[in-house]
Amino acid sequence: MIPGGRPLIFTSPADLRGFLRILYDSRHVPGAEAGKFDGGALKNGKHHNLRTYLLGVVILAMSASLFAAGSIYDFTLNSIDGKPMPLADFKGKVILVVNVASRCGFTPQYSALESIYEKYKDQGFVILGFPANNFGSQEPGTNAEIKKFCSAKYNVTFPMYAKVSVKGDDQTPLYKYLTESANPAVAGEIKWNFTKFLVGRDGRVVQRFEPETTPDSTQVTSAIEKALKP
């Protein structure tokens, strides 16, 4: 909360960056070092450093935001070309989220992924590929190399994101959400490349398929068709 009882909400990374800039610039506000500002001193019995106060607010707000995600639409990551690509761009579509790798025994699943993408895309279906090097260092290349490989060998046309981490200390927030809080029925650490999450048109995760389940299996395609129904 900020003075006045209003909640501090960051709706985008830009909002947070702007607030952090204010925090940085507060060093130059006359009286800020003494905990004073135009409205007077911070009245809690002592003169506190304004920046320390604001930093505490930021930390609390960021901590709360980790638990505020209600769907995958709340996340933005870079595309494989390095440009921000919000998952909200795919709002209203049925989505299959897949962590991919170029040197894995499951890499040939790219063919089946592209096949079902072509089959269902006109009905509102999309596949989102997330290259990750977490398992056996099987995705060692750069984003440019991954893009070239997918295009040349498997004619991939579905959207691809920049390389991420899907587990461990550097796990990207999207995968933290998918594996911990999106849906208890599909929660759990990613075990290997080509784990698949099916997301409904409302942005909610409805099903998970382990790497051994091929994208063109009846199990997957029937779930996609069910999700595509009005």
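A few notes on this one:
- Distribution of pairwise C-alpha distances over the stretch 72-228, 10 Å bins, in %: 11, 45, 39, 5
- Cut-off 12 Å between beta-carbons: net charge of the residues surrounding Ala101, Lys and Arg +1, Asp and Glu -1: +1
- The order of the peptides 160-172, 124-136, 75-87, 197-209 by mean Cβ neighbours within 10 Å, most packed first, is 124-136, 197-209, 160-172, 75-87.
- Whole-Hz Karplus values for the stretch 224-230 come out as 5, 4, 5, 5, 6, 5, x Hz, taken residue by residue from phi with 6.51 cos²θ - 1.76 cosθ + 1.60 and θ = phi - 60°; glycine and proline positions read x.
- 12 Å beta-carbon shell around Gln171, net charge (K/R +1, D/E -1): -2
- Residues with amide H under 5 Å from that of Ile127, placed H, sequence gap 5 or more: Leu96
- Partner lysines for Lys119 [C-alpha distance under 29 Å; skip if fewer than 8 residues away on the same chain]: Lys83, Lys91, Lys93, Lys147, Lys148, Lys153, Lys163, Lys191, Lys196, Lys226, Lys229
- Judged by the mean number of other Cβ atoms found within 10 Å, the most tightly packed of the peptides 145-152, 113-120 leads the ranking 113-120, 145-152.
Where a number appears in this text, it was derived from the coordinates with a stated rule and is not lab data. Keep in mind the model is a prediction, meaning the values are calculated, not measured. All Cβ positions, even for glycine, are placed from backbone atoms using ideal geometry, and neighbour counts span all protein chains on display.
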